[in-house]
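The structure appears below as structure tokens.
The values are calculated or read from the model by the stated rules, or taken from the named source; none is laboratory data. Just so you know, these numbers come straight off a predicted model, no measurement behind them. With ideal geometry, Cβ positions are generated from the backbone for all residues, glycine too; neighbour counts draw on all protein chains shown.
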Amino acid sequence: MQKVAVIHTSPVSLNELKALFAELLPEVEMINIIDDSLLEEVKRNNGITPGIIGRMCLYGQAAQSMGVDLILNQCSSVGESADLVKQTVTCPLLKIDEPMAEEAVRLGNRIGVIATVGSTMKPSCNLIRTKAEQAGKAVEIKEYLVAGALDILMKEKNQEKHNELVLKEIKKAEQECDVIVLAQGSMTVMLPYLEGISKPVLTSPRRAVERVKQMLAQQA
């Protein structure tokens with residue numbers, strides 16, 4: 001049986017990813033490593049720290065010691081530390097937002113990035129720029145930060161208010177961009193509200209698990 005370790009910085013996407021694995025990869029063992037101090041630390045420092053890098057590398061080594069076939073990094077905010085983890089393990093590592101970033105570059109030149117926590121914005125935009133450079137394409141990235149909305153969702157448990165704030169920015173981006181990226185996995189709660197949006201709106205979890213399936217099939 002193939003194994004995938006998922007490194008989480010909060011439990012917010014755990015159930016959704018479990019459901020996606022059950023749907024798309026029922027024969028694969030999913031191992032979850034959750035350290036919710038990572039997200040708080042990256043938010044406090046508005047970016048990754050030596051401590052975050054150290055713990056992420058430790059979790060990468062732990063995953064490898066379990067004999068996993070692939071590591072999935074669940075959190076965009078620590079994506080740049082995952083790039084360093086990749087250099088310390090022999091198994092493949094996929095960042096959850098990589099397939100989404102690649103698709104955004106394919107779909108448009110003006111890319112709107114919507115985030116609900118400031119620490120996610122820079123690594124998400126940097127990833128899109130990297131994917132655009134790899135594709136030999138010039139893109140314009142517009143940032144839409146819905147400050148505080150993640151805490152409204154996770155701490156206040158007020159999904160309605162979160163959705164209202166995010167939808168306002170989606171509608172603004174719809175007027176200004178070719179394609180819209182919802183930078184965090186937690187933003188899949190917006191999917192039921194996107195029917196009337198005329199531009200593509202991309203989320204990361206399903207795209208990432210579909211890519212994991214492809215990568216595991218290549219290993220088999």
Using beta carbons and a limit of 6 Å, which pairs, at least six apart or on different chains, have the first residue in the stretch 181-201 and free of Cβ contacts under 8 Å to residues at least 12 places away in the same chain and the second one crowded, with 20+ Cβ neighbours inside 10 Å?
-> none
Among the residues of the stretch 102-120, which ones are among the small types (Gly, Ala, Ser), crowded, with 24+ Cβ neighbours inside 10 Å and either assigned by TED's automatic domain parsing to the domain that holds ILE52 or not in a helix (DSSP H, G or I) (or both)?
-> GLY112, ALA115
Of all residues making up the stretch 164-215, the number that are exposed (fewer than 15 other Cβ atoms within 10 Å of the Cβ) and within 12 Å of ILE96 (Cβ to Cβ) = 1
Considering each residue of the stretch 121-139, count those that are surrounded by fewer than 18 Cβ atoms within 10 Å (Cβ to Cβ), among the small types (Gly, Ala, Ser) and assigned to a helix (DSSP H, G or I), and give that number.
-> 1
Go through ILE96, ILE128, ILE141, ILE111 for me and flag whichever is touching a helix residue (DSSP H, G or I) at 6+ places or on another chain (Cβ under 6 Å), hydrophobic (A, V, I, L, M, F, W, C) and closer than 25 Å to ILE34 by Cβ.
-> ILE96
Among (1) over 13 Å from the mean Cα position of the chain (by Cα); (2) assigned to a helix (DSSP H, G or I), where does SER198 come up short?
-> (2)
